[in-house]
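Here is the structure we will look at, set down as C-alpha coordinates.
The values are calculated or read from the model by the stated rules, or taken from the named source; none is laboratory data. Given the structure is predicted, the values throughout are model-derived calculations rather than measurements. As a convention, Cβ positions derive from the backbone with ideal geometry for all residues, glycine included, and neighbour counts pool all protein chains shown. Note: accessible area is taken over every heavy atom of the protein model, side chains too, but ligands, DNA and RNA are not part of it. Shrake-Rupley method; radii C 1.70, N 1.55, O 1.52, S 1.80 Å.
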Amino acid sequence: MAEENAFLKRLKNGGNLVVAEGYIFEFERKGYLQAGTFVPEVIIEHPELVRHMYEEFVHAGSEVVLAFTYYAHREKLRLIGRENDLDAMNRSALQMAREVADKHGCLMAGNISNTTAYVTDDPESHKKVEEIFKEQIEIAVEYNADYIVGETFGHFGEAMLALESIKKYGKGLPAVVTISAPATETLIDGVTLVDACKRLEDAGAAVVGLNCGRGPETMIPAIREIKKVCKGPVAALPVTYRTTPEEPTFFSLTVPGTKNRAFPLELCTCLCSRKQIADFAAQCRDLGVEYVGLCCGNSANMTRIVAETYGRSPPASRYAPAMEKHFIFGEKAKFKDAYTKDMRAHIGGDFD
Ligand SMILES: [Zn+2]
(Lines give C-alpha, C1' and ligand atoms only; values in the text may rest on other atoms or scores of the structure.)
Protein backbone atom coordinates (compact mmCIF):
# COMPACT_ATOMS: atom_id res chain seq x y z
CA MET A 1 0.00 0.00 0.00
CA ALA A 2 1.27 3.46 -0.88
CA GLU A 3 2.45 5.61 2.01
CA GLU A 4 -0.14 8.06 3.23
CA ASN A 5 0.36 11.63 2.04
CA ALA A 6 2.04 13.64 4.81
CA PHE A 7 -0.27 16.62 4.31
CA LEU A 8 -3.49 14.59 4.49
CA LYS A 9 -2.12 12.80 7.53
CA ARG A 10 -1.64 16.12 9.33
CA LEU A 11 -5.22 17.16 8.72
CA LYS A 12 -6.75 13.87 9.77
CA ASN A 13 -8.72 13.51 13.00
CA GLY A 14 -9.19 17.21 13.63
CA GLY A 15 -5.61 18.20 12.85
CA ASN A 16 -4.84 21.73 11.72
CA LEU A 17 -2.03 23.64 10.07
CA VAL A 18 -0.59 27.14 10.41
CA VAL A 19 0.59 28.43 7.04
CA ALA A 20 2.42 31.67 6.21
CA GLU A 21 1.68 33.31 2.87
CA GLY A 22 2.32 36.90 1.78
CA TYR A 23 5.87 36.81 0.36
CA ILE A 24 5.17 39.34 -2.38
CA PHE A 25 4.26 42.23 -0.09
CA GLU A 26 6.94 41.35 2.43
CA PHE A 27 9.68 41.42 -0.22
CA GLU A 28 8.33 44.69 -1.59
CA ARG A 29 8.47 46.13 1.92
CA LYS A 30 12.07 44.97 2.25
CA GLY A 31 13.01 46.64 -1.04
CA TYR A 32 13.54 43.58 -3.25
CA LEU A 33 10.33 43.49 -5.31
CA GLN A 34 8.51 46.03 -7.42
CA ALA A 35 5.00 47.17 -6.53
CA GLY A 36 2.84 47.11 -9.64
CA THR A 37 4.40 44.22 -11.51
CA PHE A 38 4.66 42.20 -8.28
CA VAL A 39 6.82 39.57 -10.00
CA PRO A 40 9.11 37.62 -7.65
CA GLU A 41 12.37 38.41 -9.44
CA VAL A 42 14.04 38.19 -6.02
CA ILE A 43 14.11 34.41 -6.46
CA ILE A 44 16.72 34.84 -9.18
CA GLU A 45 18.41 38.01 -7.95
CA HIS A 46 18.68 37.11 -4.25
CA PRO A 47 17.79 33.46 -3.64
CA GLU A 48 19.45 33.61 -0.23
CA LEU A 49 16.78 36.08 0.89
CA VAL A 50 13.99 33.77 -0.22
CA ARG A 51 15.55 30.93 1.73
CA HIS A 52 15.84 33.25 4.69
CA MET A 53 12.19 34.26 4.50
CA TYR A 54 11.19 30.59 4.44
CA GLU A 55 13.31 30.11 7.56
CA GLU A 56 11.84 33.21 9.17
CA PHE A 57 8.25 32.08 8.72
CA VAL A 58 9.00 28.55 9.97
CA HIS A 59 10.76 30.08 12.99
CA ALA A 60 7.60 32.13 13.58
CA GLY A 61 5.35 29.07 13.47
CA SER A 62 4.49 28.25 9.86
CA GLU A 63 4.26 24.47 9.55
CA VAL A 64 4.38 24.59 5.78
CA VAL A 65 6.99 26.10 3.50
CA LEU A 66 4.90 27.41 0.66
CA ALA A 67 7.18 27.56 -2.38
CA PHE A 68 7.40 31.16 -3.53
CA THR A 69 6.19 30.62 -7.07
CA TYR A 70 3.25 33.01 -6.81
CA TYR A 71 3.20 35.09 -10.01
CA ALA A 72 6.28 33.21 -11.26
CA HIS A 73 4.11 32.13 -14.18
CA ARG A 74 4.25 32.75 -17.92
CA GLU A 75 1.70 35.54 -18.06
CA LYS A 76 3.37 37.61 -15.34
CA LEU A 77 6.90 36.96 -16.59
CA ARG A 78 5.86 38.02 -20.09
CA LEU A 79 4.95 41.38 -18.59
CA ILE A 80 8.57 42.02 -17.64
CA GLY A 81 10.18 40.13 -20.53
CA ARG A 82 11.60 37.37 -18.33
CA GLU A 83 9.78 34.30 -19.63
CA ASN A 84 13.15 32.62 -20.15
CA ASP A 85 13.68 32.66 -16.40
CA LEU A 86 10.46 30.83 -15.61
CA ASP A 87 11.98 27.39 -15.28
CA ALA A 88 14.97 28.49 -13.17
CA MET A 89 12.76 30.67 -10.98
CA ASN A 90 10.31 27.91 -10.19
CA ARG A 91 13.02 25.31 -9.65
CA SER A 92 14.99 27.52 -7.32
CA ALA A 93 11.92 28.48 -5.24
CA LEU A 94 10.82 24.86 -4.96
CA GLN A 95 14.22 23.39 -4.21
CA MET A 96 14.88 25.85 -1.39
CA ALA A 97 11.37 25.29 -0.03
CA ARG A 98 11.92 21.54 0.04
CA GLU A 99 15.29 21.93 1.75
CA VAL A 100 14.01 24.28 4.44
CA ALA A 101 10.92 22.13 5.02
CA ASP A 102 13.02 18.97 5.41
CA LYS A 103 15.47 20.71 7.72
CA HIS A 104 12.64 21.61 10.11
CA GLY A 105 10.26 18.71 9.61
CA CYS A 106 7.68 20.86 7.84
CA LEU A 107 5.53 20.25 4.82
CA MET A 108 6.28 21.83 1.46
CA ALA A 109 3.60 23.10 -0.91
CA GLY A 110 3.80 23.95 -4.58
CA ASN A 111 1.90 27.05 -5.62
CA ILE A 112 -0.21 28.16 -8.56
CA SER A 113 -2.38 31.24 -8.55
CA ASN A 114 -4.59 33.66 -10.41
CA THR A 115 -3.08 34.04 -13.87
CA THR A 116 -4.54 37.44 -14.75
CA ALA A 117 -5.36 35.79 -18.10
CA TYR A 118 -8.65 33.99 -17.40
CA VAL A 119 -11.75 35.33 -19.16
CA THR A 120 -15.05 33.65 -18.36
CA ASP A 121 -16.52 33.23 -21.83
CA ASP A 122 -13.28 32.76 -23.71
CA PRO A 123 -12.34 29.09 -24.11
CA GLU A 124 -9.02 30.09 -25.70
CA SER A 125 -8.06 31.82 -22.47
CA HIS A 126 -8.96 28.68 -20.53
CA LYS A 127 -6.53 26.66 -22.66
CA LYS A 128 -3.81 29.18 -22.06
CA VAL A 129 -4.47 29.19 -18.30
CA GLU A 130 -4.34 25.40 -18.17
CA GLU A 131 -0.94 25.50 -19.89
CA ILE A 132 0.27 28.01 -17.28
CA PHE A 133 -0.93 25.76 -14.45
CA LYS A 134 0.50 22.61 -16.05
CA GLU A 135 3.93 24.14 -16.39
CA GLN A 136 4.17 25.09 -12.70
CA ILE A 137 2.48 21.98 -11.32
CA GLU A 138 4.83 19.64 -13.18
CA ILE A 139 7.87 21.36 -11.69
CA ALA A 140 6.34 21.25 -8.19
CA VAL A 141 5.83 17.51 -8.58
CA GLU A 142 9.49 17.10 -9.58
CA TYR A 143 10.58 18.76 -6.34
CA ASN A 144 8.41 16.48 -4.20
CA ALA A 145 5.84 18.96 -3.00
CA ASP A 146 3.55 17.41 -0.38
CA TYR A 147 0.56 19.19 -1.93
CA ILE A 148 -0.28 22.01 -4.30
CA VAL A 149 -1.93 25.29 -3.38
CA GLY A 150 -4.10 27.05 -5.96
CA GLU A 151 -4.83 30.49 -4.57
CA THR A 152 -6.22 33.98 -4.96
CA PHE A 153 -8.79 33.21 -7.63
CA GLY A 154 -11.39 35.84 -8.44
CA HIS A 155 -13.24 33.56 -10.88
CA PHE A 156 -14.85 30.32 -9.81
CA GLY A 157 -14.02 28.96 -13.27
CA GLU A 158 -10.32 29.62 -12.82
CA ALA A 159 -10.34 28.06 -9.35
CA MET A 160 -12.01 24.96 -10.73
CA LEU A 161 -9.57 24.85 -13.64
CA ALA A 162 -6.72 25.02 -11.12
CA LEU A 163 -8.18 22.08 -9.22
CA GLU A 164 -8.71 20.08 -12.40
CA SER A 165 -5.15 20.85 -13.49
CA ILE A 166 -3.73 19.72 -10.13
CA LYS A 167 -5.71 16.50 -10.50
CA LYS A 168 -4.55 16.06 -14.09
CA TYR A 169 -0.86 16.97 -13.79
CA GLY A 170 -0.18 16.70 -10.04
CA LYS A 171 0.45 12.93 -9.88
CA GLY A 172 -2.14 12.49 -7.16
CA LEU A 173 -0.97 15.32 -4.90
CA PRO A 174 -3.73 16.85 -2.77
CA ALA A 175 -5.01 20.31 -3.66
CA VAL A 176 -5.75 23.31 -1.45
CA VAL A 177 -7.86 25.77 -3.41
CA THR A 178 -8.58 29.20 -1.97
CA ILE A 179 -10.57 32.04 -3.42
CA SER A 180 -9.93 35.74 -3.10
CA ALA A 181 -13.29 37.01 -1.91
CA PRO A 182 -14.49 40.18 -3.67
CA ALA A 183 -16.46 43.02 -2.10
CA THR A 184 -19.72 41.10 -2.52
CA GLU A 185 -20.54 37.47 -1.77
CA THR A 186 -20.52 36.61 -5.49
CA LEU A 187 -17.48 35.92 -7.64
CA ILE A 188 -16.90 37.54 -11.04
CA ASP A 189 -18.56 34.61 -12.85
CA GLY A 190 -21.68 34.67 -10.69
CA VAL A 191 -21.00 31.85 -8.21
CA THR A 192 -21.35 32.64 -4.53
CA LEU A 193 -18.40 32.14 -2.21
CA VAL A 194 -20.19 29.41 -0.33
CA ASP A 195 -21.22 27.55 -3.50
CA ALA A 196 -17.75 27.91 -4.96
CA CYS A 197 -16.16 26.29 -1.91
CA LYS A 198 -18.76 23.53 -1.80
CA ARG A 199 -18.32 22.75 -5.50
CA LEU A 200 -14.53 22.73 -5.18
CA GLU A 201 -14.78 20.38 -2.24
CA ASP A 202 -17.20 18.11 -4.10
CA ALA A 203 -14.81 18.08 -7.06
CA GLY A 204 -12.01 16.75 -4.86
CA ALA A 205 -10.10 19.62 -3.25
CA ALA A 206 -8.61 18.47 0.07
CA VAL A 207 -9.02 21.96 1.57
CA VAL A 208 -11.15 24.88 0.34
CA GLY A 209 -11.60 28.41 1.61
CA LEU A 210 -10.49 32.01 1.25
CA ASN A 211 -7.17 33.78 1.01
CA CYS A 212 -6.06 37.34 0.26
CA GLY A 213 -8.60 40.00 -0.79
CA ARG A 214 -10.30 40.57 2.54
CA GLY A 215 -8.95 41.37 5.98
CA PRO A 216 -9.94 39.52 9.16
CA GLU A 217 -13.12 41.48 9.89
CA THR A 218 -14.73 40.84 6.51
CA MET A 219 -13.35 37.35 5.97
CA ILE A 220 -14.65 35.78 9.18
CA PRO A 221 -18.40 36.10 8.35
CA ALA A 222 -17.84 34.36 5.00
CA ILE A 223 -15.76 31.62 6.62
CA ARG A 224 -18.56 31.04 9.11
CA GLU A 225 -20.96 30.38 6.21
CA ILE A 226 -18.46 28.21 4.33
CA LYS A 227 -17.91 26.15 7.49
CA LYS A 228 -21.63 25.41 7.59
CA VAL A 229 -21.72 23.79 4.15
CA CYS A 230 -18.27 22.24 3.72
CA LYS A 231 -17.62 18.92 5.41
CA GLY A 232 -13.85 18.87 4.98
CA PRO A 233 -11.07 21.20 6.12
CA VAL A 234 -11.53 24.93 5.51
CA ALA A 235 -8.83 27.55 4.94
CA ALA A 236 -8.74 31.19 6.08
CA LEU A 237 -5.75 33.38 5.19
CA PRO A 238 -6.74 37.07 5.11
CA VAL A 239 -4.68 40.11 4.31
CA THR A 240 -3.56 41.90 7.48
CA TYR A 241 -5.46 45.12 6.80
CA ARG A 242 -8.45 46.68 8.51
CA THR A 243 -11.16 46.00 5.96
CA THR A 244 -14.70 46.90 6.99
CA PRO A 245 -18.22 46.21 5.67
CA GLU A 246 -17.97 49.60 3.88
CA GLU A 247 -14.52 48.82 2.45
CA PRO A 248 -14.55 45.02 2.39
CA THR A 249 -11.35 44.30 0.45
CA PHE A 250 -7.84 45.70 0.64
CA PHE A 251 -8.35 47.06 -2.86
CA SER A 252 -11.21 49.21 -1.61
CA LEU A 253 -9.58 50.57 1.55
CA THR A 254 -8.97 54.29 1.81
CA VAL A 255 -6.26 56.01 3.79
CA PRO A 256 -7.83 56.91 7.16
CA GLY A 257 -9.18 60.46 7.16
CA THR A 258 -9.03 60.79 3.36
CA LYS A 259 -10.79 59.52 0.25
CA ASN A 260 -7.50 58.29 -1.25
CA ARG A 261 -7.17 54.65 -2.19
CA ALA A 262 -4.71 52.86 0.06
CA PHE A 263 -3.82 49.96 -2.27
CA PRO A 264 -1.03 49.15 -2.41
CA LEU A 265 1.44 51.87 -1.47
CA GLU A 266 -0.42 53.32 1.52
CA LEU A 267 -1.81 50.10 2.95
CA CYS A 268 0.51 50.43 5.93
CA THR A 269 -1.89 53.11 7.19
CA CYS A 270 -4.57 50.40 7.47
CA LEU A 271 -2.48 47.64 9.03
CA CYS A 272 -4.20 45.44 11.61
CA SER A 273 -3.04 45.63 15.18
CA ARG A 274 -1.56 42.57 16.80
CA LYS A 275 -4.69 42.27 18.90
CA GLN A 276 -6.83 42.18 15.76
CA ILE A 277 -4.68 39.35 14.41
CA ALA A 278 -4.95 37.49 17.73
CA ASP A 279 -8.74 37.98 17.71
CA PHE A 280 -8.93 36.70 14.14
CA ALA A 281 -6.91 33.59 14.98
CA ALA A 282 -9.05 32.94 18.06
CA GLN A 283 -12.23 33.20 15.98
CA CYS A 284 -10.78 30.76 13.43
CA ARG A 285 -9.78 28.37 16.19
CA ASP A 286 -13.28 28.55 17.70
CA LEU A 287 -14.89 28.00 14.28
CA GLY A 288 -12.66 24.96 13.77
CA VAL A 289 -10.75 26.38 10.80
CA GLU A 290 -8.19 23.73 9.94
CA TYR A 291 -5.88 25.67 7.64
CA VAL A 292 -5.08 29.09 9.04
CA GLY A 293 -2.60 31.81 8.20
CA LEU A 294 -2.07 35.27 6.78
CA CYS A 295 -1.58 36.58 3.25
CA CYS A 296 -0.50 40.04 2.03
CA GLY A 297 0.75 42.19 4.90
CA ASN A 298 1.94 39.14 6.80
CA SER A 299 5.16 39.35 8.78
CA ALA A 300 6.86 36.92 11.12
CA ASN A 301 5.57 38.56 14.30
CA MET A 302 1.98 38.24 13.05
CA THR A 303 2.44 34.61 12.05
CA ARG A 304 3.78 33.96 15.53
CA ILE A 305 0.55 35.34 17.01
CA VAL A 306 -1.56 33.02 14.83
CA ALA A 307 0.62 30.03 15.76
CA GLU A 308 0.47 30.81 19.47
CA THR A 309 -3.31 31.29 19.35
CA TYR A 310 -3.50 27.83 17.81
CA GLY A 311 -1.60 26.47 20.79
CA ARG A 312 1.84 26.27 19.23
CA SER A 313 5.13 27.37 20.74
CA PRO A 314 7.36 28.14 17.76
CA PRO A 315 11.02 29.08 18.29
CA ALA A 316 10.05 32.76 17.88
CA SER A 317 7.92 32.52 21.02
CA ARG A 318 11.16 33.00 22.91
CA TYR A 319 10.95 36.61 21.72
CA ALA A 320 7.23 37.12 22.32
CA PRO A 321 6.55 40.49 23.96
CA ALA A 322 7.34 40.89 27.66
CA MET A 323 6.41 44.51 28.18
CA GLU A 324 6.39 44.05 31.97
CA LYS A 325 10.17 44.22 31.62
CA HIS A 326 10.21 47.51 29.76
CA PHE A 327 11.96 50.29 31.63
CA ILE A 328 9.15 52.78 31.13
CA PHE A 329 6.04 50.73 30.52
CA GLY A 330 6.88 47.76 32.72
CA GLU A 331 5.49 46.83 36.11
CA LYS A 332 5.87 49.68 38.49
CA ALA A 333 7.21 47.47 41.27
CA LYS A 334 10.16 46.47 39.07
CA PHE A 335 11.24 50.01 38.29
CA LYS A 336 11.34 52.23 41.31
CA ASP A 337 14.46 54.06 40.32
CA ALA A 338 14.55 57.77 39.71
CA TYR A 339 15.35 57.33 36.01
CA THR A 340 12.10 55.48 35.28
CA LYS A 341 10.15 57.92 37.43
CA ASP A 342 11.56 60.88 35.51
CA MET A 343 10.89 59.27 32.15
CA ARG A 344 7.29 58.53 33.07
CA ALA A 345 6.77 62.07 34.21
CA HIS A 346 7.98 63.42 30.86
CA ILE A 347 6.51 61.18 28.12
CA GLY A 348 2.84 61.60 28.92
CA GLY A 349 0.17 59.10 29.83
CA ASP A 350 -1.01 57.39 32.94
CA PHE A 351 1.14 54.62 34.37
CA ASP A 352 -0.86 53.64 37.44
ZN1 LIG B 1 -2.42 38.18 -0.63
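Structure summary
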item: Solvent-accessible area per residue for segment 273-352 (1.4 angstrom probe, square angstrom); result: 58 Å²
item: Accessible area expressed per residue, segment 1-95, with surrounding protein chains retained (probe 1.4 Å, Å²); result: 44 Å²
item: Separation of alpha-carbon centers, segment 38-89 and segment 149-185, rounded to whole Å; result: 19 Å
item: 26 Å Cα-Cα threshold exceeded, pairs from Lys30/Lys325; Lys103/Lys127; Lys12/Lys127; Lys168/Lys198; result: Lys30/Lys325; Lys103/Lys127; Lys12/Lys127
item: Accessible-area ranking of Phe329, Phe153, largest first, probe 1.4 Å; result: Phe329, Phe153
item: Which of Asp337, Asp146, Asp286, Asp102 is most accessible, then next, and so on - probe 1.4 Å; result: Asp286, Asp102, Asp337, Asp146
item: Using distinct alpha-carbon pairs, which all enter the 1/r mean, Kirkwood radius of the chain in Å; result: 20.9 Å
item: Charge sum, other residues only, whose C-beta stays under 10 Å from Gly61's C-beta, Lys/Arg counted +1 and Asp/Glu -1; result: 0
item: Loop GluC sites (Glu not before Pro), segment 258-330 (other Cβ atoms within 10 Å of the site Cβ: 15 or fewer; DSSP); result: Glu266
item: Candidates Ala262, Ala196, Ala109: whichever shows maximal mean-square fluctuation once the chain is modelled as a Gaussian network with Cα springs under 10 Å; result: Ala262
item: Dipole magnitude of the chain, debye to nearest 20 (Cβ charges: Lys/Arg +1, Asp/Glu -1, about Cα centre); result: 940 debye
item: Relative contact order for the chain, counting Cα pairs under 8 Å that sit 6 or more residues apart, in percent; result: 17 percent
item: Lysines whose Cα lies under 29 Å from that of Lys332, excluding same-chain neighbours fewer than 8 positions away; result: Lys275, Lys341
item: Carbon + sulfur, % of accessible area of segment 1-92 - ligands and nucleic acids excluded, 1.4 Å; result: 48 percent
item: Portion, in percent, of the accessible area of segment 195-352 that falls on carbon or sulfur, probe 1.4 Å; result: 55 percent
item: Spin-label model distance (nm) - Leu49 vs Ala88, 7 Å beyond Cα toward Cβ; result: 1.7 nm
